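This report concerns only the one structure given below.
The values are calculated or read from the model by the stated rules, or taken from the named source; none is laboratory data. Computed from a predicted structure; not experimentally measured. Every residue, glycine as well, gets a Cβ built from its backbone with ideal geometry; the counts of neighbours run over all protein chains shown. Areas reflect the complete protein model, heavy atoms only, side chains present, ligands, DNA and RNA absent. Shrake-Rupley method; radii C 1.70, N 1.55, O 1.52, S 1.80 Å.
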Amino acid sequence: MSSDNDTSPVNPLPPVVVALVLFIIGIELAFSLGARGIVGGPQAVGWRLAAMQSYAFSPDILAWMWDSGRWPVEHVIRFVTYPFVNVSFTQSLFVCVFVLAMGKMVAESFGSVAMLVVFIVSGAVGALGYGVLTDSPVALIGGFPPVYGLIGAFTWLLWRNLSRVGQNQARAFSLIAFLMGAQLLFGLLFGGGLDWVADLAGFATGFALSFFLAPGGWSRIRGRIRHD
């Protein structure tokens, strides 16, 4: 006979979140162990650099594709592959922590497929924003733009809940304001690139997608269109 005592005190992570984190960590472990000569032999020392060259998002390559009208698959896939090539183990760790925290809440609220859509599309739009809005010759790598997409979806959840209880919805943007402020301060103190543009574009994408991906989102949008 089952009872309430059989219920686990820990709320399990959605499988899609676990799979995503394991994939990111698996790639990072291969890079880190290869760099130390533990796996892969001598050539493994350059695995991370080789991955950056093959899978990082390059604004220069985007400009070339746009000007030439040619869109080779090996370059188009950079829109979705660059988040899985992080600069260091530390960056990979932070990305995984945010995916575990934000991805769990988004997947539980929107569903696993919707959470994955937010992650992938936010990363792609973040890269597009970086390529279009900046003149940076520096390639874009790392999982923060799609992570900011998950933060955008989480912000939408807060924004929606605050609206339901009649509180100030601007409070929902406290997290993104803090993160952007911290990133700006870090850039002023230690120098930094323009990857914050990709992060902000990822956040905006995650927030916007939530209107459609949240349960009943399409119904609410159709209802408003018909009402107008």
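Take the Cα radius of gyration of the stretch 7-82 and divide it by 2.2 N^0.38 Å, with N its residue count; two decimals is plenty.
1.54
Suppose only helical runs count, i.e. DSSP H with n ≥ 4. What mean residue ellipticity at 222 nm does that imply for the chain under -39500 (n - 2.57) per run, divided by all residues and rounded to the nearest 500 deg cm²/dmol?
Value at 222 nm, helices only: -21500 deg cm²/dmol.
Over the Cα atoms, compute the radius of gyration (one decimal) and Dmax (the largest Cα-Cα distance, rounded to a whole number) for the chain, in Å.
Rg, Dmax (Cα atoms, Å): 19.6, 68.
Label points 7 Å out from Cα along the Cβ direction at R36 and A182: separation in nm?
About 2.7 nm, to one decimal.
Mind checking the angle between helix 112-133 and the chain's longest principal axis? C-alpha axes, 0 to 90 degrees, to the nearest 10.
So the inclination is approximately 50 degrees.
Could you rank S122, S163 by how accessible they are, 1.4 Å probe, largest area first?
Final ranking, largest accessible area leading: S163, S122.
Quick one: order F173, F207 from most to least accessible surface, probe 1.4 Å.
Result, largest first: F173, F207.
Output wanted: per-residue J couplings in Hz (rounded whole) for the stretch 84-95, from phi through Karplus 6.51 cos²θ - 1.76 cosθ + 1.60, θ = phi - 60°, x for Gly and Pro.
So the J values, rounded to whole Hz, are 8, 10, 8, 5, 7, 4, 4, 5, 4, 5, 5, 4.
So, in Å, what gap is there between the alpha-carbon centers of the stretch 7-63 and the stretch 77-119?
Result: 12 Å between the Cα centres.
Using θ = phi - 60° and the Karplus curve 6.51 cos²θ - 1.76 cosθ + 1.60, what whole-Hz ³J(HN,Hα) does each residue of the stretch 159-170 get, with Gly and Pro shown as x?
4, 5, 5, 5, 5, 5, 9, x, 9, 5, 6, 4
Over the chain, what relative contact order in percent results from Cα pairs under 8 Å that are six or more residues apart?
Relative CO of the chain lands at 22 percent.
Kirkwood-based Rg over Rh for the stretch 45-128 (C-alpha set), two decimals?
1.04
What do you get when you divide the Cα radius of gyration of the stretch 27-68 by 2.2 N^0.38 Å, with N the number of residues?
1.55
How large is the convex hull of the C-alpha atoms of the stretch 113-219 per residue, in Å³?
96 Å³
Kindly express, to the nearest 10 degrees and within the range 0 to 90, the angle between helix 217-227's C-alpha long axis and the longest C-alpha principal axis of the chain.
60 degrees
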